[in-house]
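> Here you go, one structure.
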Amino acid sequence: MPPRRPTTKGFARSSTLLQDRIRKASESRGFAESRLLTQWSETVGEEIAAIARPVKVGYGRGGMGATLTLLTTGAQAPMLEMQKEQLRAKVNGVYGYNAISRITITQTAPTGFADGQASFQHRAAKPAPPAPNPEAVAEARRIAAPVADAGLREALEALAQNVLTRSKR
């Protein structure tokens, strides 16, 4: 049997090239498991990932459990406060043992100091509204054509277009 030919042709995945740098950067902030940072939304869920992100893992002097610090906006902090135990269980699932004993929440504005400047919006973008039906647009123009005032005519066209394209319930 002939020897197997390499299929990468000298190319490497970007994740393998960046793996050491990501590990060093995450370990400098206390994250022994960089998967917690890179897969934050899969770990805690899209809803929590949209309002909070991990900032630091701090280890106490006694070495018994670590403290995970989460960054969120002031309005979302009470929501996270009520879910601390569930978050702790999910995060410890990544580590495989009870590594995190406490979670602290740091509040900031969405555009605050250095760590607070990042956006919390991790949700997928809303799909664009469908293009208007050309027949409905033409009918709306025909209906609003007799109106002399331009502003009122545009408003009536928009209203007629909405009524004509509304889905039947």
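> For the range 52-66, which residues satisfy the criterion of being modelled with pLDDT of 85 or more and surrounded by fewer than 19 Cβ atoms within 10 Å (Cβ to Cβ)?
Correct list: empty.
> Any idea how many residues of the range 132-169 are loosely packed, with under 10 Cβ neighbours inside 10 Å and either part of a loop (DSSP other than H, G, I, E, B) or of a type in the set (Phe, Trp, Tyr) (or both)?
Selection size over the range 132-169: 7.
> With the requirement that a residue be within 18 Å of residue 38 (Cα to Cα), part of a loop (DSSP other than H, G, I, E, B) and either modelled with pLDDT of 85 or more or in contact with a Gly (Cβ under 9 Å, 6 or more places away or on another chain) (or both), what does the range 74-98 give you?
Hits for the range 74-98: nothing passes.
> Now a separate question. Only one residue in 71, 37 is surrounded by 15 or more Cβ atoms within 10 Å (Cβ to Cβ), touching a Ser or Thr at 6+ places or on another chain (Cβ under 7 Å) and either at pLDDT 75 or above or in a loop (DSSP other than H, G, I, E, B) (or both), so which one is that?
Just one listed residue meets the conditions, 71.
The values are calculated or read from the model by the stated rules, or taken from the named source; none is laboratory data. Worth saying up front: this structure is predicted, and the values here are computed from it rather than measured. Cβ: placed from backbone, ideal geometry, glycine included. Neighbour counts: every protein chain shown.
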